[in-house]
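Before any comments, here is the structure.
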Amino acid sequence: MVWRTPEGFSVKPYYRAEHLKGLEYLNTPPGTFPYTRTSKSENNVWEIRQDIGVENAENANMRALEILEKGVNSIGFRLNSGTVASQDTFSQMLKDIYLECISLHLLSGDKTPDYLEFLVQEAKKRNIPVEKLNGSFDFDPFAHLCAYGNYYDSKQFDFIKAKDILTKGIAQIPHFKMISANGALFNKAGASILQELAFTLAIGCEYVTGLTELGLKAEEIIPRIQFTFGIGSNYFMEIAKLRAARLLWAKIAESYGVSTEKAVMHIHSVTSEWNKTLFDPHVNLLRATTEAMSATLGGTGSLEVTPFDTPFADESEFSSRIARNIQIILKEEAHFDKVIDPAAGSYYIENLTNSIIEHAWDLFLEVDKQGGFSKAFETGFIQEKINHNASQRRK
């Protein structure tokens, strides 16, 4: 009757009230430290996000305006094609979009300094107060290391660039997240929930440590990191993962001397690519739906549901619409945005949360003993752990 999870801990067939004894965070209200019960204080509203591949500025602009009219309130522009490389083309991409009314995400990697300047100039041209701009960049040297085997330039130079980005961002667009810690890469590679969480926390921790050594304050860095998690189909476990992530990051932030108000983990979630099939693609709709439910019930700040045909084709109008509508139905018809922390008090989910907290922390400490994420990656520790788990999942 006792279930041994792929994460390596046991789950009982049922739980009772006595199993909640000793869980200190249970008595903290939503929106308060350590944020296990969500960082939101009034409701469970999340950003409905869709990302657009930018092949040219005009088409990207038309696409953005179209999906904004259909219920999206958060837009991501994938800017890796190099076609938007001037202030004029950047302005064309954002034409007629009310930047102060949406959340804007510029996926620009090592070109982030250029797009940061473009955005600042665009705001000045439109006379938009900078405090009304919300969104993120995705400057993430460790994600580049994981995906391609090397940094943008070198670790030292990338951290200096990150410092420059943060310094300028803090002064000019203070509510933007500048640094990304992308754990969805681990999810996509077949990592377990514990591995994804522990390794992503290790990345965030190394960013804070490295940037404080360069002269920035932890309280300047931590509020400007956005964490991305992949959400798989292990329904209750994924809910618990996001709850555990917030507590662990809050404790890490506290260790840097950051005030409890600034120890919030900013989470973006994306439905997993690991479990999507080529052979019966409409099954992907079912998986994406339960994954979206897990993310929202877990208290994600924003969510992207990837189209069901992503594994084998460029997204179509139909698949994009269905992906968008999954979130809209959860919000407007199922009212997932109304109840804050729906999982609170569930004997099962609270115990899952606590188990993930304990075991992910143990793995995080293993990485820390190796010298941090970059050292653990260089020695192959990270890859070995993920490859072993992925091979077990394939059986």
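Where a number appears in this text, it was derived from the coordinates with a stated rule and is not lab data. These figures come from a predicted structure and were not determined experimentally. Glycine also receives a Cβ, built like all others from the backbone with ideal geometry; neighbour counts cover every protein chain displayed.
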Sort out for me the Cα centre separation of segment 199-278 from segment 334-387, rounded to whole Å.
10
Could you identify which residue out of 106, 352, 330 has the top mean-square fluctuation in a GNM of the chain using Cα springs shorter than 10 Å?
330
Paramagnetic label zone (point 7 Å from Cα along Cα-to-C-beta, residue 366; backbone N under 18 Å) in segment 219-236:
none
Where nothing but the Cβ of Lys and Arg (+1) and of Asp and Glu (-1) is charged, how large is the charge dipole of the chain around its Cα centre, in debye to the nearest 20?
680
At q = 0.12 Å⁻¹, base-10 log of I(q)/I(0) for the chain (Debye sum, equal scatterers on each alpha carbon):
-0.95
Work out the charge dipole of the chain with +1 on the Cβ of Lys and Arg and -1 on the Cβ of Asp and Glu about the Cα centre, then indicate which of 342, 118, 134 is farthest towards its positive end.
342
Within the set 322, 225, 267, GNM on the chain using Cα springs under 10 Å gives the largest fluctuation to 322
So for the chain: antiparallel DSSP bridges make up what percent, rounded to the nearest 5?
5
Which of these, 72, 270, 339, has the largest mean-square fluctuation under a Gaussian network model of the chain (Cα springs below 10 Å)?
339
Positive end of the charge dipole of the chain (Lys, Arg +1 and Asp, Glu -1 on Cβ, about the Cα centre): tell me which of 308, 109, 32 has its Cα farthest that way.
32
Most exposed to least, judged by fewest other Cβ atoms within 10 Å, 276, 12 sort to 12, 276
Take every Cα-Cα pair in segment 230-304 and report what % of them are more than 17 Å apart.
49
Dividing the mean separation of Cα pairs under 8 Å (6+ apart) by the residue count of the chain yields a relative contact order in percent of 20
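Considering every pair of different Cα atoms, what Kirkwood radius, in Å, is found for segment 11-110?
About 16.8 Å, per the Kirkwood formula over Cα pairs.
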Label residue 283 and residue 313 with points 7 Å out from Cα along Cα→Cβ: what is the distance between them in nm?
1.9
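By count of other Cβ within 10 Å, fewest leading, how are 274, 249, 3 ordered?
Lowest count first: 3, 274, 249.
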Let me know the volume per residue of the alpha-carbon convex hull for segment 59-137, in Å³.
82
Which of 68, 278, 104 comes first, and how do the rest follow, when ranked by fewest Cβ neighbours within 10 Å?
278, 68, 104
